[in-house]
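Asker: This structure is in structure tokens; I'll ask about it shortly.
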Amino acid sequence: MRPNVFTEAGISTRLNQWWSSIPFVTSGVILICGVIYLVCLLTGYDSFEEICFLPSKVASHFQVYRFYTSVVFHGSLLHVLFNMLALVPLGTELERIMGSVRLLFLMFLLATTNAIFHLIIAFLVAYNPLYHVPFIVDECSIGFSGVIFSMIVIETSLSGVQSRSVFGLFNVPAKWYAWILLVLFQFLASNVSLLGHLCGILSGFAYTYGLFNYLLPGPSFYSSIEGLSVLSVCVRRPGFILCTGGTTYGQLPTYSNTSSTPSALINGNFLRNISSWMPSRQTTTTTTQEQDPRFPGRARTLGSAGTEPTAREASANLHASLLDNTTPSDPLTSSQNPAANTIRADATVAADQVDTFDEELKKLVGMGFEKTQAEVALAAADGDPNVAIEILMSQQGAVKFLQSFLKNLRTEEELLLGEGPKDGLIDDYSIPD
């Protein structure tokens, strides 16, 4: 039986379109993890104790490289396949918001903080005074799922959605989404690192509350990386997203609304945040529209498109500000009415220009020029009196030449007719100005 050529072509085309829609860093992480798994599978490498995150080895031998090698290695085909399929929508969404270099730095930051949280919690639980659990520091953890859990928390906080679907079976409140996934994976899968996933969720919360703002570089850092000649080939790739139009303060998107006190431990909201267990969504809108430094490119979250004023609302606001005849008496009131202040400033400038034009016109008339001609010349000269004088002088020179020419022409006509020249004949002609 002949194969269905059209079906095969359609599947390959759809796969190519799907892969080309994935941004540069996200697709690069998928390729790196996939290639590493294939190499381990073909070479028969299974000594994961040398590269996995092992708290006892990290603490005793200071093997910091395990922070990052444990992230890109996976134990089975389902392990790497499930993690990469979960990374595609999360990484694509975040990379389009932040840019490729920002997302790469975010993954590096999350991998580091996940490992630090994992190390601290493991030793606290293992050697707590109530009940010792020494085996927890000897658990070997590998996989990208810890970073994925962090990205789930960040993307959920930025999206603004009220509910999330769990495997397409049922919907749960968005604030409980990461926690429900944590519990489900513990019951549905075997050999799942509860502490690794938990630390990923904690890193995501720490990021959304602004605890990592002091660790985020400035915008020049991302620009310098994008400008490296070594990375010029990567930057020219269609899927590479530049960090242009990003934050002015060099901060990645966070949930914290205050840029001056980025740490939730400082602003006194830490206990309230812990009690809520998830970032509460903000539904109130402010009257002053300012660019939010947390979100590169636009001063709004992903789900706040409906909060932006429409063209009709913006026009109504402009009309209301123009019809407001009250003059603010304090700087605060003036700052709250920028449109009205702009209109008043433009009106003042226009009035000053009219007064200057009238003064220059009076000067030209006083010099002996006709008012109508002087007004036209001054308007043509954009208010410059010197240029207007040149225009008027050139016009008078042309008029005098035309009058002389017509006078000579009439004199020649009289001579041909046998009549003498008549003085003042030229006065019978109307010479256009």
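Asker: Quick one: if you stick a label point 7 Å off each Cα along the C-beta vector at GLU50 and LEU78, how many nm between them?
Answerer: Distance between label points: 2.8 nm.
Asker: Would you mind putting 67-80, 91-104, 38-51 in packing order, based on average other-beta-carbon counts within 10 Å, highest first?
Answerer: Descending packing order for the listed peptides: 91-104, 67-80, 38-51.
Asker: Ratio of Rg to Rh for segment 12-236, alpha carbon only, Kirkwood? It would help to have the intermediate numbers written out before the result.
Answerer: Values: Rg = 18.1 Å, Rh = 18.8 Å.
Reported Rg/Rh, Kirkwood definition of Rh: 0.97.
Asker: If packing is taken as the average count of other Cβ atoms within 10 Å, what order do 109-121, 218-230 fall into, highest mean first?
Answerer: 109-121, 218-230
Asker: What area, in nm² and to one decimal, does the C-alpha convex hull of segment 17-64 cast on average over all directions?
Answerer: It is 4.8 nm².
Asker: Ok, one more. At 1.4 Å probe size, what's the solvent-accessible area of THR26? Round to the nearest 10 Å².
Answerer: Its accessible surface works out to 0 Å², give or take rounding.
Asker: Moving to a separate point now. Measure off, as a whole percent, the carbon and sulfur share of the 1.4 Å-probe accessible area of segment 133-237, all protein chains present.
Answerer: Its accessible area is 65 percent carbon and sulfur atoms.
Asker: Now, a different point. Evaluate the charge dipole of segment 137-254 about its Cα centre and quote only its size in Debye, nearest 20, assuming +1 on the Cβ of each Lys and Arg and -1 on the Cβ of each Asp and Glu. Kindly include the intermediate steps, with their values, before the conclusion.
Answerer: Values: 4 positive and 4 negative charges, 66 e Å.
My answer is approximately 320 debye.
Asker: Could you work out the relative contact order of segment 12-236? I mean the mean sequence separation of Cα pairs under 8 Å and 6+ apart, divided by the number of residues, in percent.
Answerer: Normalised by residue count, the contact order of segment 12-236 is 21 percent.
Asker: Straight-line reach from LYS407: which lysines have a Cα under 25 Å away, not including same-chain ones fewer than 8 places off?
Answerer: LYS422
Asker: Same structure again: Viscosity 0.890 mPa s, temperature 25 °C: what is the translational diffusion coefficient of segment 140-182 from Stokes-Einstein with a Kirkwood Rh over Cα pairs, rounded to a whole number of µm²/s?
Answerer: 222
Asker: What ranking do 163-176, 379-392 get when scored by the average of other Cβ atoms within 10 Å per residue, highest first?
Answerer: Top to bottom by mean Cβ count within 10 Å: 379-392, 163-176.
Asker: Further, regarding this structure: Roughly how many Å² is the accessible area per residue of segment 12-236, as a whole number, for a 1.4 Å probe?
Answerer: That works out to 50 Å² for each residue.
The values are calculated or read from the model by the stated rules, or taken from the named source; none is laboratory data. Only a predicted model underlies this, so the values are computations on that prediction, with no experimental measurement involved. Here Cβ is always computed from backbone atoms with ideal geometry, including for glycine, and neighbour counts include all displayed protein chains. The accessibility values were calculated without ligands, DNA or RNA, using every heavy atom of the protein model including side chains. Shrake-Rupley method; radii C 1.70, N 1.55, O 1.52, S 1.80 Å.
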